[in-house]
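Read through the structure below, which is laid out as structure tokens, and then see the notes.
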Amino acid sequence: MYTTLISAQELRALMAGVQPLRIFDCSFELMQPHAGREHYLQAHIPGSLYADLDTDLSARHGVPGAHGALTAGGADHPASGGRHPLPNREKFATWLSSVGFANNMQAVVYDRNGANYCGRLWWMLKWAGHEGVAILDGGLQAWEAAGGQTASGEEASHFQSNFELGPECAALVDAGQVADQLGRPAQTLIDARAPARFRGEVEPLDPVAGHIPGALNRPFSQNIGADGKFKSPVELRTEFEALLGGRDPASVVHHCGSGVSAIPNLIGMEIAGLGRSGLYAGSWSDWCSDTARPVVQG
């Protein structure tokens with residue numbers, strides 16, 4: 001079972017074997033939401049299914065409640081706020097079942113965006129209780145560089161399965177929890193946005209510029225080396241320990257703009273042997289939606 005990264009060579013061996021396997025292409029572009037599917041139709045790993053960030057891996061809307069929590073609702077009620085609210089676990093399980101994903105399968109996720117988007121599905125499967133999911137290190141580019149073939153167009157549909165949720169293997173944190181722990185050593189916030197956005201000098205997506213008080217900044221792209229793959233465990237550990245400056249890795253809660261690009265930081269810490277951190281999935285877009293919450297610029 002692969003649980004963090006898988007190489008192109010290892011994936012090729014899996015595809016030639018008998019272990020149940022499902023591969024997901026999660027390519028996406030924030031400014032051109034339909035471009036990801038178009039790229040998938042042009043070229044993808046044979047047999048892979050497309051997972052759309054907007055329609056498959058996000059709920060349609062969040063419902064903010066007191067202290068940033070989400071009010072109780074029906075089956076479509078999201079599990080987080082923000083621009084890309086998480087669908088609740090039951091809704092996600094229904095989607096997994098609809099595309100034929102079963103509990104006995106190894107999942108492999110990839111994109112062509114430096115693992116920015118496929119990490120979302122990696123984390124969601126952990127959250128659903130499924131540890132057998134790995135990111136294709138280097139994405140589609142690494143697959144092609146290793147001589148892997150690609151297919152075009154739609155893939156054949158799969159019979160519906162019955163994916164059953166297990167105990168959560170990933171920690172979801174909401175705005176209320178973040179607010180309650182502000183300034184306390186029990187919580188270390190790491191913001192994955194670009195430095196200019198973190199400092200509040202520019203804000204192209206959300207109505208308020210700045211960051212959560214006390215947050216540290218590590219752009220998600222810093223986890224990827226010049227070869228397009230995740231840096232080595234030793235290199236990642238050195239960088240994260242320098243960033244934390246003696247803070248407890250177990251206290252870390254990752255966030256970004258909408259809870260997507262934070263996940264490469266979370267994965268980077270796991271590769272580094274620093275454990276699996278929490279995720280504030282609503283992130284800055286959720287935090288700044290309440291004017292009563294503190295904001296820092298600079």
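Results, tabulated for the structure shown:
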{"item": "Checking Leu30 against (1) hydrophobic (A, V, I, L, M, F, W, C); (2) at pLDDT 95 or above; (3) surrounded by 15 or more Cβ atoms within 10 Å (Cβ to Cβ); (4) within 22 Å of Ile263 (Cα to Cα), the condition it does not meet", "result": "(2)"}
{"item": "Residue in segment 235-244 that is assigned by TED's automatic domain parsing to the domain that holds Ala192, crowded, with 19+ Cβ neighbours inside 10 Å, touching a residue at least 12 places away in the same chain (Cβ under 8 Å) and not in a helix (DSSP H, G or I) present", "result": "no"}
{"item": "Test result for Ala170, in contact (Cβ under 8 Å) with a residue 24 or more places away in the chain and hydrophobic (A, V, I, L, M, F, W, C)", "result": "yes"}
{"item": "Residue in segment 6-19 that is touching a residue at least 60 places away in the same chain (Cβ under 8 Å), surrounded by fewer than 15 Cβ atoms within 10 Å (Cβ to Cβ) and not acidic (Asp, Glu) present", "result": "yes"}
{"item": "Residue satisfying all of: in segment 81-102; of a type in the set (Lys, Arg) and part of a helix (DSSP H, G or I); nearest to Gly259 (Cα to Cα) among these", "result": "Arg89"}
{"item": "Residue that is surrounded by the most Cβ atoms within 10 Å (Cβ to Cβ), among those in segment 257-290 that are assigned to a loop (DSSP other than H, G, I, E, B) and either on the phi > 0 side of the Ramachandran plot or modelled with pLDDT under 95 (or both)", "result": "Gly259"}
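The values are calculated or read from the model by the stated rules, or taken from the named source; none is laboratory data. This is a predicted model, so every value here is computed, not measured. With ideal geometry, Cβ positions are generated from the backbone for all residues, glycine too; neighbour counts draw on all protein chains shown.
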